[in-house]
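The values are calculated or read from the model by the stated rules, or taken from the named source; none is laboratory data. Just so we're clear, the structure is a prediction, and the values are computed from it rather than from any experiment. Here the Cβ positions follow ideal geometry from the backbone for every residue, glycine too, while neighbour counts run over all protein chains shown.
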Amino acid sequence: MIYYVITFANTHSAISTQSHLETCAKITIMPTLREISAGCGISIRFAPEELDHVLAGLKTWNLAAEMYQLYEITEKDGKIFPSQLSDKALT
């Protein structure tokens with residue numbers, strides 16, 4: 001299974017981004033995975049087919065790049081493997 005997660009530096013960024021992205025993509029709020037170190041315990045999860053919508057939403061939101069990180073999450077044999085996506089991969 002593959003899905004994506006956005007983590008945030010603080011709760012304000014997470015909640016405000018949630019409100020913005022809900023207008024353009026199917027997202028779910030979830031606790032930040034313990035395999036990922038982030039400043040905030042709230043993350044946004046979405047399916048691969050929503051990636052383009054989420055990226056477009058983030059661009060229109062103009063959230064500073066240092067306020068969030070995007071991860072691709074894979075699962076194998078019950079273990080979670082997060083891979084941080086680079087800024088270059090997102091453009």
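If I filter the range 63-84 for residues that are assigned to a loop (DSSP other than H, G, I, E, B), free of Cβ contacts under 8 Å to residues at least 40 places away in the same chain, closer than 16 Å to Ala9 by Cα and of a type in the set (A, V, I, L, M), do I get at least one hit?
As a first pass, look at the range 63-84 and keep what is assigned to a loop (DSSP other than H, G, I, E, B): 63-64, 77-78.
Going one step further and asking which of them are free of Cβ contacts under 8 Å to residues at least 40 places away in the same chain, we end up with 64, 77-78.
Among the residues that remain, those that are also closer than 16 Å to Ala9 by Cα are: 64.
Right, trim to of a type in the set (A, V, I, L, M) and you get 64.
Yes; the residues of the range 63-84 include at least one that is assigned to a loop (DSSP other than H, G, I, E, B), free of Cβ contacts under 8 Å to residues at least 40 places away in the same chain, closer than 16 Å to Ala9 by Cα and of a type in the set (A, V, I, L, M).
Can you name the condition, by its number, that Ser37 falls short on among (1) free of Cβ contacts under 8 Å to residues at least 24 places away in the same chain; (2) surrounded by 11 or more Cβ atoms within 10 Å (Cβ to Cβ); (3) assigned to a loop (DSSP other than H, G, I, E, B)?
(2)
Can you tell me which residue within the range 9-25, out of those that are polar (S, T, N, Q) and not in a helix (DSSP H, G or I), is nearest to Leu55 (Cα to Cα)? Walk me through how you get there before you give the answer.
Of all residues in the range 9-25, those polar (S, T, N, Q) come to 10-11, 13, 16-19, 23.
Right, trim to not in a helix (DSSP H, G or I) and you get 10, 23.
Details: Asn10: 19, Thr23: 13 Å.
Of everything passing the filter in the range 9-25, Thr23 is nearest to Leu55 (Cα to Cα).
Test each condition in (1) crowded, with 18+ Cβ neighbours inside 10 Å; (2) over 20 Å from Ser86 (Cα atoms); (3) of a type outside the set (Ser, Thr, Tyr); (4) over 10 Å from the mean Cα position of the chain (by Cα) for Glu50 and report the one that comes out false.
Of (1) crowded, with 18+ Cβ neighbours inside 10 Å; (2) over 20 Å from Ser86 (Cα atoms); (3) of a type outside the set (Ser, Thr, Tyr); (4) over 10 Å from the mean Cα position of the chain (by Cα), only one is false for Glu50: (2).
In the range 10-40, which residues are more than 17 Å from Glu66 (Cβ to Cβ) and of a type in the set (S, T, N, Q)?
Of everything in the range 10-40, those that are more than 17 Å from Glu66 (Cβ to Cβ) and of a type in the set (S, T, N, Q) turn out to be Gln18, Ser19, Thr23, Thr28.
With among the aliphatic types (A, V, I, L, M) and surrounded by 14 or more Cβ atoms within 10 Å (Cβ to Cβ) as the only criterion, which of Met30, Met67 stands out?
Among Met30, Met67, only Met67 is among the aliphatic types (A, V, I, L, M) and surrounded by 14 or more Cβ atoms within 10 Å (Cβ to Cβ).
What about Arg45, is it surrounded by 15 or more Cβ atoms within 10 Å (Cβ to Cβ) and of a type outside the set (Ser, Thr, Tyr)?
yes
Determine whether Ala47 is small (Gly, Ala, Ser) and at pLDDT 90 or above.
Details: small (Gly, Ala, Ser): yes; at pLDDT 90 or above: yes.
Judged against the criteria, Ala47 is a match.
Restricting the first residue to the range 1-28 and requiring it to be farther than 21 Å from Ser86 by Cβ, which pairs with a second residue that is polar (S, T, N, Q) and modelled with pLDDT of 95 or more meet a Cβ separation below 6 Å and a spacing of at least six or different chains?
Sorted first by the residue in the range 1-28, then by its partner, the list stays empty.
Say we look at the range 4-19 and pick out the residues that are under 16 Å from Arg45 (Cβ atoms) and of a type outside the set (S, T, N, Q); which of these is surrounded by the fewest Cβ atoms within 10 Å (Cβ to Cβ)?
Looking at residues that are under 16 Å from Arg45 (Cβ atoms) and of a type outside the set (S, T, N, Q), I get Ile15.
Give the residues of the range 44-83 that are touching a Pro at 6+ places or on another chain (Cβ under 7 Å) and of a type in the set (Ser, Thr, Tyr), sorted by residue number. Full working, then the answer.
Of the residues in the range 44-83, the ones touching a Pro at 6+ places or on another chain (Cβ under 7 Å) are 71, 73.
Answer for the range 44-83, where residues must be touching a Pro at 6+ places or on another chain (Cβ under 7 Å) and of a type in the set (Ser, Thr, Tyr): just Tyr71.
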